[in-house]
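Working notes, structure below.
The values are calculated or read from the model by the stated rules, or taken from the named source; none is laboratory data. On a predicted model such as this, the values are computed, not experimentally measured, just so you know. Using ideal geometry, Cβ is built from the backbone for each residue, glycine included, and neighbour counts are taken over all protein chains shown. Just the protein is used for accessible areas: all its heavy atoms, side chains included, with ligands, DNA and RNA removed. Shrake-Rupley method; radii C 1.70, N 1.55, O 1.52, S 1.80 Å.
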Amino acid sequence: MSAVAVVIVSYRSEVAAVAAARSVAFDPDVVSVTIVDNSASEQRHEVFPLDDLSERVVVVRPERNLGYAGGNNVGIRAAIISGHEYVLVLNPDVDLAPGTVRSLVEELVGSSAHVVSPALAETLSGREAVLRRPGFDLLVGRGVLEAPLGRRFTPTFFGAAFLARARSFEQFGLLDEQLFLYCEEIEFVERLGRQGERNVFRVAEDVIVRHGRGGTVSPGGYDAGARSTIAYEEASRSVVVFGKTYHPIRVWLWMLARLAMAGGLITRNPPAARAVVRGVVRGLRSRTVRPDGP
């Protein structure tokens with residue numbers, strides 16, 4: 001058995017987070033499950049229905065919303081301190097079948113990669129699809145990052161579910177907390193690549209997990225087609241912050257692409273258009289520091 005610590009960041013998704021925790025809590029490779037409640041400071045008085053999981057799952061309630069990177073880093077630090085070998089990061093809207101953790105561990109052990117993520121099974125526009133690598137997505141920055149006017153994208157893993165070596169975080173640093181939401185996995189790959197690592201990640205295409213895509217991105221799920229203004233704003237900010245950190249020339253092209261997207265949204269979704277502009281402006285105003293170490 002391997003020592004796998006599971007981290008799930010929840011934002012107003014108590015029931016879903018517990019369901020994700022349940023899918024791994026009794027796995028023989030899993031030694032701890034931590035749910036980080038990023039909505040705890042809102043005092044919503046919602047509870048996590050742990051029931052029989054109360055002795056297997058720990059809920060951490062930060063004093064403020066730490067974002068995706070900051071929330072996951074709470075659990076990653078705890079895993080490192082406890083000496084666990086691997087960290088499994090899960091969105092609350094994923095569901096792992098029995099044996100999935102073992103399959104991911106075997107994939108990582110059998111390679112020199114720092115991170116392995118599964119393929120994602122999703123329902124898109126009413127049809128079932130299996131995504132075996134992150135594709136073009138203007139919202140979250142992929143595609144824009146490498147070629148603003150093309151359909152190439154920066155190779156990366158799925159941030160919704162991935163298994164990483166704890167020592168990789170010790171050696172190269174945790175997730176970049178300058179990125180509140182989106183682009184964290186892209187930044188991690190970029191950072192390690194710039195430090196000479198050539199085999200940062202792999203996608204285990206034969207290991208598939210169900211991904212529902214949650215309310216922070218889309219109030220009714222992605223299939224509803226209505227993405228939240230939070231997603232538009234934070235994705236835009238993250239693209240600019242990432243660009244300022246690593247690509248200070250190309251970032252201006254990415255910002256133009258974002259503003260063009262806002263122009264396309266202005267008539268059919270004015271709140272989303274305003275959110276994109278807010279994100280770009282906030283990104284420009286954000287101070288950035290390259291996280292080159294632990």
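For this structure, a couple of remarks:
- Helix-only CD estimate at 222 nm, as mean residue ellipticity for the chain, using -39500 (n - 2.57) per DSSP H run (n ≥ 4): -11500 deg cm²/dmol
- More than 21 Å apart - percent of Cα-Cα pairs taken over segment 1-122: 35 percent
- Extent along principal axes [Cα atoms of the chain; Å; largest to smallest]: 51, 45, 39
- Here the dipole of the chain is about 1380 debye; that uses its Cα centre as origin and unit charges on the Cβ of Lys and Arg (positive) and Asp and Glu (negative).
- Portion, in percent, of the accessible area of the chain that falls on carbon or sulfur, probe 1.4 Å: 52 percent
- Nearest 10 degrees, 0 to 90: helix 184-194 Cα axis against the chain principal axis: 90 degrees
- Solvent exposure of the chain, expressed per residue, is 45 Å² of accessible area, with all protein chains present and a 1.4 angstrom probe.
- Highest-MSF residue in the chain out of G263, G71, G110 [GNM, Cα springs under 10 Å]: G110
- Once the Cα atoms are used to define both axes, helix 100-109 deviates from the longest principal axis of the chain by about 80 degrees.
- Positive-end residue, the chain charge dipole about Cα centroid, Cβ charges, pick of L53, L174, L265: L265
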